[in-house]
Amino acid sequence: MYEAFKKDQSVHTFHEELDFTDFVDVPGARPGMEVEVDIVVEDVSLTRDPKCADDWDVAAVIMVTVRVTEEVEVDALVECPEGFECESEVMTLEHVVGSRTKQVLIDQEFELPRINPILRRFTSACVMWK
C-alpha cells in the first residue's frame, strides 16, 4: 500500500512478485534426497522514485532454512523371550542428513504494472525522464 504523490489522491495498492535464486550448501546432501525449504520475510523496504510514481526499488531480507532428509529402511527386532519364535519388522525412518539457515538480501527495481489503460496514458510520461 502506498499514498499517491498528490495529497488529494487516495491510497493505492499493488501486488508484485520478485523472483530470486540463491544456493544453500547442506553437507551430505545428495541427489534424490527430500528437501524442505522454509522462507520467512524478515524485513522489506519499498522506495518510490520521486520523479516517477511507476518506478520502485524494493530491498528485502529473507531467511531461508533448508532441511535435507532421506528415508532409511531398518529391521526392527523386539527382544524375544527364550523359547519363542520372534519376527522382525521392516520400518522406514526419516533420517535428517543436515539443515542450514541462510539470510538472503534481495534488491530489485521494478515498474508498477498499470492495470487501467487510461491511467497508463497519464503516468507513462515519466518514462521519458530517464
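Just so you know, all these numbers are worked out from the coordinates, no wet-lab data involved. What you are looking at is a predicted structure, and each value in this text was computed from that prediction instead of being measured. No Cβ is skipped: glycine too gets one built from the backbone with ideal geometry, and neighbour counts run over all protein chains shown.
Phi angles across the range 91-97 convert, under the Karplus curve 6.51 cos²θ - 1.76 cosθ + 1.60 with θ = phi - 60°, into 3J(HN,Hα) values of 10, 9, 10, 9, 9, 7, 6 Hz, Gly and Pro given as x.
Going from the fewest other Cβ atoms within 10 Å to the most, the residues 102, 51 appear in the order 51, 102. Counting every other Cβ atom within 10 Å of each residue's Cβ, 70, 79, 42 order from fewest to most as 79, 42, 70.
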